[in-house]
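Below: one structure, written as structure tokens.
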Amino acid sequence: MNSFFFVSLLVITLFAGLNEARCAKQLLAFQNSFASSHDTLQVHCKSGDNDLRVHFVKFSDPAYSIRFGDDIIRGTYWNCFIQHGPKYLNFRAYKSGLSKKCGQFTWIAKEDGIYFSENGKPEEKTFDWTT
């Protein structure tokens, strides 16, 4: 019984280590793609004890990005609030799974809603704005 426990622990440790080596950091990005150049996107994200405060992304600015590593034991999540004038959305922007995700996760704010793209794949509308 003890040997089974140690072998299981070894396999989990090796899997986690290989996963970590393959993909040490994730990138969560928020892009302002509004039609008007004077529109600003407000982004406020939190994960556990990490409160990144409010950031403002102007039309011509590069995407606001968060680089982080997954916590294999407790899991990783990012809850975000985004706002554009009277329109807003409060949502879970990232949640780790049983198998480690790798790459770039981009949320794109447009006039008609919020779009999502993973690792450069075509964006898909995911949410409508709340008013």
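The values are calculated or read from the model by the stated rules, or taken from the named source; none is laboratory data. Here the structure is a predicted model, which means the values were calculated and not measured. We place every Cβ from the backbone using ideal geometry, glycine too, and count neighbours over all the protein chains shown. The area values use the complete protein model at the heavy-atom level, side chains included, leaving out ligands, DNA and RNA. Shrake-Rupley method; radii C 1.70, N 1.55, O 1.52, S 1.80 Å.
For the range 97-131: of the residues being surrounded by fewer than 16 Cβ atoms within 10 Å (Cβ to Cβ) and hydroxyl-bearing (Ser, Thr, Tyr), which is nearest to Asn32 (Cα to Cα)?
Checked the range 97-131; the qualifying residue nearest to Asn32 (Cα to Cα) is Thr126.
Kindly indicate whether Phe81 is modelled with pLDDT of 95 or more, open to solvent by less than 80 Å² (accessible area, probe 1.4 Å), aromatic (Phe, Trp, Tyr) and assigned to a strand (DSSP E or B).
yes
Is there a residue being touching a strand residue (DSSP E or B) at 6+ places or on another chain (Cβ under 8 Å), over 20 Å from Ile66 (Cα atoms) and assigned to a strand (DSSP E or B) anywhere in the range 111-122?
Yes: the range 111-122 contains one or more residues that are touching a strand residue (DSSP E or B) at 6+ places or on another chain (Cβ under 8 Å), over 20 Å from Ile66 (Cα atoms) and assigned to a strand (DSSP E or B).
Looking for whichever is under 23 Å from Cys102 (Cα atoms), part of a strand (DSSP E or B) and at pLDDT 95 or above here; the options are Phe56, Phe30. Which one fits?
Phe30
Residues checked against (1) under 16 Å from Ala29 (Cα atoms); (2) of a type in the set (A, V, I, L, M); (3) out of contact with any Leu (no Cβ under 8 Å at 6 or more places or on another chain):
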| position | (1), (2), (3) |
| --- | --- |
| Val43 | yes, yes, yes |
| Asp61 | yes, no, yes |
| Phe105 | yes, no, no |
| Trp129 | no, no, no |
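Consider only pairs whose beta carbons are under 6 Å apart and that are at least six residues apart or on different chains; among these, list those whose first residue lies in the range 72-86 and is free of Cβ contacts under 8 Å to residues at least 24 places away in the same chain and whose second residue is surrounded by 15 or more Cβ atoms within 10 Å (Cβ to Cβ).
Short answer, once both residue conditions are applied: Gly75/Ser96.
For the range 24-40, check the following and say yes or no: at least one residue is out of contact with any Phe, Trp or Tyr (no Cβ under 7 Å at 6 or more places or on another chain), among the acidic types (Asp, Glu) and either open to solvent by less than 50 Å² (accessible area, probe 1.4 Å) or closer than 24 Å to Lys125 by Cα (or both).
Checking the range 24-40: not a single residue is out of contact with any Phe, Trp or Tyr (no Cβ under 7 Å at 6 or more places or on another chain), among the acidic types (Asp, Glu) and either open to solvent by less than 50 Å² (accessible area, probe 1.4 Å) or closer than 24 Å to Lys125 by Cα (or both).
Restricted to the range 42-71, and to residues that are touching a His at 6+ places or on another chain (Cβ under 6 Å) and surrounded by 13 or more Cβ atoms within 10 Å (Cβ to Cβ), which residue is nearest to Phe91 (Cα to Cα)?
My answer is Val43.
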